[in-house]
1. Within the accessible area of the chain, what % is carbon and sulfur when the probe is 1.4 Å and the other protein chains stay in place?
2. Assuming R0 = 56 Å, what is the FRET efficiency of Glu157 and Arg97, from their Cβ-Cβ distance, to the nearest 0.05?
3. Taking 0.36 nm per residue of separation and subtracting the Cα-Cα distance, what length does fully extending Arg208 through Glu164 add?
4. How high is the FRET efficiency from Arg349 to Leu13, r the C-beta distance, R0 22 Å, rounded to 0.05?
5. Nearest 20 debye, what's the magnitude of the dipole of segment 323-428 about its Cα centre given +1 on Lys and Arg Cβ and -1 on Asp and Glu Cβ?
6. Order Ser312, Ser292 by their accessible area, 1.4 angstrom probe, all chains in place, largest first.
7. Would you mind working out the accessible area per residue for segment 132-205, using a 1.4 Å probe, and quoting it in Å²?
8. Please turn the phi angles of segment 216-222 into ³J(HN,Hα) values with the Karplus equation 6.51 cos²θ - 1.76 cosθ + 1.60 (θ = phi - 60°), one per residue in order, whole Hz, x for glycine and proline.
Amino acid sequence: MPSELDVPVADDLEDLAHEVRRALRTGEAPDAGGHYGPFGGRFVPETLMPALEELEEAFRAALADRAFQEELAGLLREYVGRPTPLTEARRLGQASRGARIFLKREDLNHTGAHKINNAVGQALLARRMGKRRLIAETGAGQHGVATATAAALLGLECEVFMGERDMARQALNVFRMELLGARVVPVRGGSATLKEAVNEAIRDWVARVRDTHYCIGSVVGPHPYPWMVQRFQAIIGVEARRQVLEAAGRLPDAVVACVGGGSNAIGIFSGFLEDPGVELVGVEAAGRGIASGEHAASLGAGRPGVLHGSRSYLLQDGDGQVHEAYSISAGLDYPGVGPEHALLKEAGRARYVSADDQEALAAFHRLARLEGIVPALESAHAVAYATRLAAALGPNAVVLVNLSGRGDKDVAEVARLQGPTRGEGEEG
């Protein structure tokens, strides 16, 4: 990993292609069976094993194929808008009376979130494998929009499974997916949120595995998905590391990101895994409070088990059944987490904390009023904890926050819950 200030700037396609190649090699690697220590693996029906083996083979070939790397880099620059900038949140830092706070602006990607990095990569792989149809699951809708976008770009059919409750919370994104030509399939069972949407997507994939690629949106699921999604999102960390060295003159004291399934967090963490002086902090959704039992803190309050094809931490009841998650943020409303996060937790390389609904809502308003940036509710959890951490670290410290998405999709829901102008009203 580079550590000097003269790291080249990605101001043209050749430089971005260099960073994409570096990202595709960056991060923790699972063993041959897809295990991260005791986590990960493949727990799927026999009918899916050939599809997973085909996908792993195609991904390994793509990692070594310069033409694939350059096509991905070209789309990330010309279509997605990478590299995304790094913005210092000066008024937010002043308001916290503590460390300098920098935001990695994944909210400025095309479609408004980090999800597009992975969707474009997987869509290219699907085309490479001769698949003509993409399916996806989505909670907040951003992964569904990203998958529908990538499918439209490459001329692939697209169906997106979404819990009925999430469809109501994210009606704007449902409309966007349909505008992009995708069919949005409502899922009504259970809590009608992301967990049930994943179940339905897996059932569909089993039935149509020959012509369909399942575009999983986070670092969850059976091998090779957690590894593959991490590599497509590692570009966030590769860029952020170079940018914070340029902007602050040194590495940050802490890197903070929200964690549901964990793709944006693993993406930015990947750039700093080999820097022991940089603390990695994942912020889970505490919902109505951990003690209430209505939360989505899989790492903070769950225990190891198997969900959606891999072993990791998940929320379970006393009988070992999966416990429903809850968060005001549809994108964090998931009872499990990626297996690499489970390993980072047990190895002590990352620390996992939580922020509740009210803290996230306060941060949502605070960032809007102090910086003119409306964050996704997912990202607002990270902002909430980062301001607490900045105050504790003091003015000589540097805190880097991954702003994983923008809040357009959440504005109507926040207005419904609170009214459009309610907030803390800080003026800095």
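The values are calculated or read from the model by the stated rules, or taken from the named source; none is laboratory data. Remember, predicted model here, so these are calculated numbers, not experimental data. Backbone-built Cβ (ideal geometry, glycine too); neighbour counts: all protein chains shown. Please note that ligands, DNA and RNA were not included when accessible areas were found on the heavy atoms of the full protein model with its side chains. Shrake-Rupley method; radii C 1.70, N 1.55, O 1.52, S 1.80 Å.
1. The value for the chain is 50 percent carbon and sulfur by accessible area.
2. 0.60
3. Between Arg208 and Glu164, full extension yields 13.5 nm more.
4. In this case the efficiency is close to 0.05.
5. The dipole magnitude comes to about 240 debye.
6. Ser292, Ser312
7. 35 Å²
8. Whole-Hz 3J(HN,Hα) from phi for segment 216-222: 6, x, 9, 7, 10, x, x.
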